Amino acid sequence: MAEREWFDKDYYKVLGITSSATDKEITRAYRKLAKQHHPDTNPGSEERFKEISVAYDVLGDADKRKEYDEVRRLGPAAAGFAGPSGPGTGNFNFQGGDLGDLGDLFGGLFGNRRPRAQRGADLETALHLSFRDAVMGITTAVNLPSNEACKTCHGRGAAPGGYVTCEYCNGRGVTNDDQGPFAMSSVCTHCGGRGGRIITPCPSCQGSGREPSSRRVNVRVPAGVVDGQRIRLKAKGSPGTQGGHPGDLFVDVHVAPDAHFERRGRHITTTVAVPLTAAILGTTVDVPTLDDPVTLKIAAGTQPGTTLRVRGRGVPASAKHAPGDLLVSVSVEIPKKLNKEQRSLVEKLAAALHEEIS
Ligand SMILES: [Zn+2]
Ligand SMILES: [Zn+2]
């Protein structure tokens, strides 16, 4: 039975050492045995290799070893370990649980025939930027739900000794059908191909196998990103398993609209309103930019919709691009209401300009 497998097994004996062995001696014994019995060079030795791996998994970890020694000395109940039906089991369901690539972790450990090194998954996250930060560029951080393996259980999701190997497939995740001339193997229906199940979830990660804390990743946002753009951060995704490369992180950029500015490629556009008389007679106006305001000369007779260009006040220059400009569109304010005197003056102006007013 599950519990017997753990409590009754003498891991020291499995590794051929005494219970007073030092960490170094344990590791040395494990390395030697693992090499001797590795299934890749030694077909048919899966069982023995698995046994060695499991023993080292516990004895090679100071905390687990302590716990193991204690349970063996006092018995499981006294050491606070509930059996499969006890409260420690919770409603954890290994088969239905969302354990991601934990199965692969176990698969690798137990000599399953899956590829050993697996690239980590690509991750996606959203980044919300102000208009200004998108134009100027910024280095900021995004928080990601952790994909690091839990340090307590090394990503297995099980408390020490809380994992049992599937007795139907002996941890291989597949069962062989040796009838007929061709040996067929199919996914083990008992464990769903996981090779085993967790009977006591890891107390740190509640069985997820992932670090409970989140992870901060720095993102260098280049100047001039636009809404909807994707930034790819190589190797910042999920870590690979069994020495596989990490995946990539894709950051989807969202840029908030600005009350005063818009983008046109690497240029920034804005509008400045000048009074009618100022457009006729000429003036100067202060125009806000993303840095300090600039003073612009509005020539006499400037037409509504005229665009004035302020060089170099758009997206800053980069290795590939020249700096963008600030494009200022001039709007002219027409008075909405005139009193009698004003009306009479405008009529005089019209007459002087030979304009028809009916
Ligand atoms: Zn854990
Ligand atoms: Zn199985």
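The values are calculated or read from the model by the stated rules, or taken from the named source; none is laboratory data. Every value quoted in this text rests on a predicted model; they were computed, and no experiment measured them. Quick reminder, even Gly has a Cβ in these numbers, built from the backbone with ideal geometry, and neighbours come from all protein chains shown. Accessible surface areas use protein heavy atoms only, side chains included; no ligands, DNA or RNA. Shrake-Rupley method; radii C 1.70, N 1.55, O 1.52, S 1.80 Å.
By how many nm would the segment from Gln342 to Ala121 lengthen if fully extended, with 0.36 nm per residue of separation less the alpha-carbon distance? Write out the running numbers ahead of the final one.
Working: separation 221, 0.36 × 221 = 79.56 nm, distance 7.20 nm.
This chain segment gains 72.4 nm when fully extended.
Relative contact order for region 245-358: what is it in percent, counting Cα pairs under 8 Å that are at least 6 residues apart?
Values: 159 pairs, mean separation 28.4, N = 114.
Here the relative contact order equals 25 percent.
What's the extension gain from Val294 to Glu333 if we count 0.36 nm per residue and subtract their Cα-Cα distance? Please report the intermediate quantities before stating the final value.
Details: separation 39, 0.36 × 39 = 14.04 nm, distance 2.06 nm.
Contour length minus Cα-Cα distance gives 12.0 nm.
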For region 155-216, take every pair of Cα atoms, bin their distances at 5 Å starting from 0, and report each bin as a whole percent.
4, 19, 18, 16, 14, 10, 7, 6, 3, 1, 1
Rounded to the nearest 0.05, FRET efficiency between Asn218 and Lys66 (Cβ-Cβ, R0 45 Å) equals 0.75
Please work out, to two decimal places, the log10 of the ratio I(q)/I(0) at q = 0.16, 0.18, 0.24 Å⁻¹ from a Debye calculation in which every Cα of region 251-358 carries one identical scatterer.
-0.81, -0.93, -1.32
Rg (Å, one decimal) plus Dmax (Å, integer) for the alpha carbons of region 306-352?
20.5, 60
Given a Förster distance of 30 Å, report the FRET efficiency between His154 and Arg28 from their Cβ-Cβ distance, rounded to the nearest 0.05.
0.90
If the label point is 7 Å along Cα→Cβ of Ile280, which residues in region 328-349 have backbone nitrogen under 13 Å from it?
333-335, 342-349
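May I ask you to give the percent of accessible area on region 202-336 that is carbon plus sulfur, with a probe radius of 1.4 Å? Kindly include the intermediate steps, with their values, before the conclusion.
On the way: 4020 of 7720 Å².
Answer for region 202-336: carbon and sulfur cover 52 percent of the accessible area.
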What's log10 of I(q)/I(0) for region 200-303 at q = 0.11, 0.13, 0.18 Å⁻¹, Debye sum over Cα points only, no solvent?
-0.63, -0.74, -1.01
